[in-house]
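What follows is a short report on a single structure.
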Amino acid sequence: MPSQTVYLIRHGEVDGNVLALDRRLTVGEFNAMIAQVPHEAINAQGIEQSKALAPQLTHLNLTCLYSSPLLRAQQTAAILAEACGLPVLTHPELYEILPAPLTGPASRKLTLRQAYMLSGLRLVSPFTRDTENFLRAFRRMQRVWGELTRRCQTDFAIVGHQGIFRTLFVGIHLSPQWRLLQGDTHNGGISIIVRRT
């Protein structure tokens, strides 16, 4: 098997990435906020992050540029694609692991940090049925990873999200075929995975 490098690029910053975690809100407000997560656009900082990444990618000899279907990833990918001279290939299963809605009284108040922690507990539960949990996301990402690495056997990049990349890292660490060289899941960060030869 020839050498292959895959670059995982987290989308540029969105306003939801910089919210104050000590802010108080109700369960209803949290659930309304997370319902908008798939529709968030990158902000001015996210645009600058994406533009700063573009020159780093132009010398990498990428042959494919895949993207999540979510708006923030599409916007980031469009900036990178223009610099690299590649089309954006949207994969419908590269979407983020979305926060789980909270249950209970909609008027219950808590901090944003507490809301995300409770949402995260729902995501790790194998009994969560109303949203994708981590196990189902892990299986999805393993399937997508296998598909993309078979389809594009040269160096390529994926523009996506922190949650799916971290889920993918678990599978990479368990794989005898792949090695994580660099893991950076900050906005505009690049993680590097190489095929073991």
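Listed conditions (1) outside any loop (DSSP other than H, G, I, E, B); (2) farther than 21 Å from Pro38 by Cβ; (3) out of contact with any helix residue (DSSP H, G or I) (no Cβ under 9 Å at 6 or more places or on another chain) are all met by Phe127, apart from (1). Checked against the criterion of being farther than 30 Å from Leu123 by Cα, assigned to a helix (DSSP H, G or I) and out of contact with any Phe, Trp or Tyr (no Cβ under 6 Å at 6 or more places or on another chain), the candidates Ala52, Ala73, Ala32, Ala77 yield just one match: Ala52. For region 80-106, a tally of residues being part of a helix (DSSP H, G or I) and hydrophobic (A, V, I, L, M, F, W, C) returns 4. The criterion of being in contact (Cβ under 8 Å) with a residue 40 or more places away in the chain and either assigned to a helix (DSSP H, G or I) or out of contact with any helix residue (DSSP H, G or I) (no Cβ under 9 Å at 6 or more places or on another chain) (or both) does not hold for Arg136.
Being in a loop (DSSP other than H, G, I, E, B), at pLDDT 95 or above and touching a strand residue (DSSP E or B) at 6+ places or on another chain (Cβ under 6 Å), is that true of even one residue in region 157-164? No, region 157-164 has no match at all.
Quick check, is Ile192 surrounded by fewer than 17 Cβ atoms within 10 Å (Cβ to Cβ), in a strand (DSSP E or B) and hydrophobic (A, V, I, L, M, F, W, C)?
Answer is yes for this residue.
Summed over region 38-47, the residues that are in contact (Cβ under 8 Å) with a residue 24 or more places away in the chain and in a helix (DSSP H, G or I) give a count of 5. Scanning region 166-189 for residues that are in a loop (DSSP other than H, G, I, E, B), more than 20 Å from Phe138 (Cβ to Cβ) and not small (Gly, Ala, Ser) turns up Asp184, His186, Asn187.
The values are calculated or read from the model by the stated rules, or taken from the named source; none is laboratory data. Because the structure is a prediction, the values reported are computed rather than measured. Backbone-built Cβ (ideal geometry, glycine too); neighbour counts: all protein chains shown.
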